[in-house]
Amino acid sequence: MMANSKNYLWSLLPLIPLFVIFLLSFLVGDASAQQQQAPQQYIIRRVEIWSLFYRGMVAAFVVGAVVQGSIIYVAWRFRESNKKNRPPPYMEDAHR
């Protein structure tokens, strides 16, 4: 019985950060709602949308460059003509 209750407590451990985030979301939401913007500060949606688009494109190009670089590295490193990938002469026919 005692071991079962310990397992139950360990299974509840990941829920603690979620509960804290849930509570803080209400506090932070209320605090930010009290801020007042000056009437001169307008948000131009067109500009903000293009800003998000360009940020997303920069992130996509960076991720694409990393993925493409890793593919090129793996293809170059494990190519058939690479001397490091050739089996030793005494092992060439061992798998047949």
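Every read-out reported here was derived from the displayed coordinates using simple, explicitly stated rules and does not represent laboratory data. What you are looking at is a predicted structure, and each value in this text was computed from that prediction instead of being measured. Heads up, the Cβs are rebuilt from the backbone with ideal geometry, glycines too, and the neighbour counts pull from every protein chain shown.
So what J values fall out for the stretch 61-74 if you push phi through Karplus, 6.51 cos²θ - 1.76 cosθ + 1.60 with θ = phi - 60°, rounded to Hz, Gly and Pro as x?
5, 5, 5, x, 5, 5, 5, 5, x, 5, 5, 5, 4, 5
R0 = 30 Å: FRET efficiency of Ile72 with Ile49, Cβ-based, nearest 0.05?
For Ile72 and Ile49, the calculated efficiency is 0.30.
Between Asn85 and Val62, what is the spin-label point distance in nm, taking each point 7 Å from the Cα along the Cα→C-beta axis?
Those two pseudo-labels are separated by 3.1 nm.
Sorted by packing (mean other beta-carbon atoms within 10 Å per residue), highest first, where do 51-61, 76-86 land?
The densest-packed peptide leads the list: 51-61, 76-86.
Starting at the first residue of the stretch 80-86, write each ³J(HN,Hα) from the Karplus equation 6.51 cos²θ - 1.76 cosθ + 1.60 with θ = phi - 60°, in whole Hz, x for Gly and Pro.
5, 7, 6, 5, 6, 8, 7
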